[in-house]
Amino acid sequence: MLTAQWMYGLAGCVIMALGLRGALLHASLLQRIVAINVMGAGVFMLLVAVAYRGPVLPPDPLPHALVLTGIVVAVSATALALALARRLHAEQEDD
Amino acid sequence: MTELFLLSALGLMLSLFLGLLRVLLGPGIGDRMLATQLIGTAGVGILLLLSVLLDQSALIDVALLLALLAAVAAAAFTGQQKTQHD
Amino acid sequence: MINILSSILILSGVFFYLAGSIGLLRLPDLYSRLHALTKADNLGLGLLIAGVALHSQDLLMMLKLLLIWLAVLAASATSAHLIARQARRQETGS
Amino acid sequence: MSPVSLPLFDALLLFSIVGLAWASLATTDERRSVILFIAFGLVLAVAWGRLLAPDVALAEAAIGAGLSGALLLGAVHRQPRPLSPGSTNDSRNQGATGMGVVLRWVVTLLCTALAGTLAWALLHAFSSVPHDMLPRAISGNLAASGVSNPVTAVLLNFRAYDTLLELAVLLTAVLGIFALGQANPGYQPAGPVFDSLVRWLVPVLILTSGYLLWVGAHAPGGAFQAGAILAAAGVVLRLAGRTRIGLPEGFMLRIVMAAGVGLFLLVGLTLLLLGRPFLGYPPAWAGSLILLIETAAMLSIAATLLLAFLGGRPESPAHAARTESANTTASNSGNEEQTPC
């Protein structure tokens, strides 16, 4: 077992849990969106840690491809969430 | 030579870490933004050293992207948005 | 010979980085921090890049490294200007 | 290069990353939270590089440093009051009551339990048989894939279905954003200093995106990173206060948005007609077909990400000039046909 692999893997678990906690507990919608992004980053770190196979062997490319597309989807989902939040805010102001 | 690159990468990591303390301490939002700038520059340096240390020339491209986009956050932070006409 | 020169350049680059971040931490106000930081990290990155370029001895790599340095120079000057302007605006505005 | 182990470096890096994640969620100040999140993204890019994932690092650098920071900071500035479902005072008071405190602790405890379970499963997986069946299958078939970068081979050949559907997801997200209203009003001119940066930065960003697209066949890079950088060029123009940010208008915009999915489908269906499996490229053609699809995908990704940054249907600059007052409730979809109200 590689030292780096479990160090980064554990950190990924911690980051994911921190993000989940933030997403559940924050009152502000914007901060919930940030928290979900943090949670996603934790999952990405987990996957990249799983792909890592030490300094000599090349890493597994499949999780890299997953994370790469995940990053792009995460940013567009964030944009959609922010647009929803903006609309919600505008509707509330009309009331 | 490998030891030197490793030591230098650690030095830059320490520099990034000190910048992180300023991001956490603030006090003003400008201070935090400035420290984020330092974290970016340190990140560029670390990536350059890692590209030699791990024999990954593509990390130079990553450093290039970080360098090119370094001003975007500051611009987004200080930019004045037009007011909605309503 | 080239190895020694490149080591000296890289180590002095790291020294300026550390000086800059210590300045960022110890100096009392935003403007002096701004000043210390932009100088130190530009110089630090410049020396580091010179060292890495000397070590790589590959022309395309050197060109990319030069572009990185120029980009960081321009970006840090611009961001410093924007942050300082914002701080001034807030001081006079509110 | 000899194998190096850098546990101390890793420890400092991970401490910074976890610290930033924690700090960005510990504060209730939205602006501080976003700035800490941007710093978090910068350090993450270094971590991906450290774990020998340069493809991921490129995407993180392009999106973390360019798009998502600008997107979130823009949202904070637009909101003088916090974006919360109720008024914040209510939720603060709720937090102070006994129920709120108990809830907080229960959620924290559950999250800790989840992290523990996940870590346990992970350590179990790491200490069992090393998984090298998939990597071996990928490297064994790499020669027939048309490209030599394994990540590009996975994205555009071995798992091309996934990438096709992912482009469809991006398109759907933007259509959702369009349905919510007009684009954000944009930025005031940022002044001469930023303008002089923009003048050379935008061409260099466009050049870099072309380079990343081309190099993606045999080295880290590809349509996603190239598209993200191209979108970042548009973000920079927008931040400088320009109204023209390189997006085509009207019908052309629709074509560019759909180009990635469209060309992907077209290639897949043509192959079906020729008696091959859907998206099963003939090895001799694979390289050129992948480059063709990637070029279209890059343009679509760039347009989609930039539209996502705008946060709504774009106004055509001509229309914006004609009418100072933007009608936010207009549900007309055609930009050209919209009459000034």
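Here, each number is a calculation from the coordinates, and none is a lab measurement. Note that the structure is predicted; figures quoted are calculated from it, not measured. Note: ideal-geometry Cβ built from the backbone for every residue, glycine included; neighbour counts use all protein chains shown.
What does the charge dipole of chain C about its Cα centre add up to, to the nearest 20 debye, if the Cβ of each Lys and Arg holds +1 and the Cβ of each Asp and Glu holds -1?
260 debye
For chain C, with a Gaussian network of springs between Cα atoms less than 10 Å apart, report the residue from C:GLY13, C:GLY46, C:GLY23 with the top mean-square fluctuation.
Largest GNM mean-square fluctuation: C:GLY23.
Count the net charge of all other residues whose Cβ sits under 9 Å from the Cβ of B:LEU25, scoring Lys and Arg as +1 and Asp and Glu as -1.
In short, +1.
Under 5 Å between amide H atoms, partner at least 5 residues away or on a different chain: which partners does D:ARG313 have, H built in plane at 1.01 Å?
Result for D:ARG313 returns D:GLY181, D:GLN182, D:ALA183.
Please give the net charge around C:ALA80, taking every other residue with its beta carbon less than 12 angstrom from that of C:ALA80, where Lys and Arg add +1 and Asp and Glu add -1.
+2
Just check chain C against the gyration tensor rule for me: Cα atoms, a ≥ b ≥ c as the square roots of the eigenvalues, rounded for a/c under 1.5, and otherwise prolate or oblate depending on whether a/b exceeds b/c.
oblate
Using only DSSP helix segments of four residues or longer, with each worth -39500 (n - 2.57), what per-residue ellipticity at 222 nm results for chain C after dividing by its residue count and rounding to 500?
For chain C, the value works out to -33500 deg cm²/dmol.
Using Cβ contacts closer than 10 Å as the measure, can you line up D:SER127, C:SER7, D:SER145 from fewest to most?
Listing D:SER127, C:SER7, D:SER145 from fewest to most nearby Cβ atoms yields D:SER127, C:SER7, D:SER145.
Amide H neighbours of D:ASN149 under 5 Å, at least 5 residues apart or on other chains, H built in the peptide plane: list them.
For D:ASN149, the qualifying residues are D:HIS218, D:ALA219.
What net charge do the residues around B:VAL62 carry, taking every other residue with its C-beta under 15 Å from that of B:VAL62, with Lys and Arg at +1 and Asp and Glu at -1?
Surrounding charge for B:VAL62 is -2.
Calculate for chain B the 222 nm mean residue ellipticity that helices alone would give, adding -39,500 (n - 2.57) per DSSP H run of length 4 or more and normalising by residue count, nearest 500 deg cm²/dmol.
Result for chain B, helices only: -27000 deg cm²/dmol.
Over the whole of D:104-114, what's the average partner chain Cβ count within 10 Å per residue? Rounded to a whole number, please.
4
Under the 0.36 nm per residue contour assumption, what length would be gained going from the current alpha-carbon distance of D:ARG254 and D:ARG136 to full extension?
Value of the extension gain: 38.4 nm.
What distance in nm separates the two pseudo spin-label positions at D:SER196 and C:MET62, each 7 Å out from Cα along the beta-carbon direction?
2.9 nm
Stretched out fully, how many nm does the piece from D:LEU110 to D:TYR211 gain, at 0.36 nm a residue minus the Cα gap?
31.7 nm
Fewest Cβ neighbours within 10 Å first, please rank B:VAL23, D:VAL202 accordingly.
D:VAL202, B:VAL23
Within a 10 angstrom radius of the beta carbon, how do C:TYR17, C:TYR31 rank from fewest other beta carbons to most?
Ranked by crowding around the Cβ, least crowded first: C:TYR31, C:TYR17.
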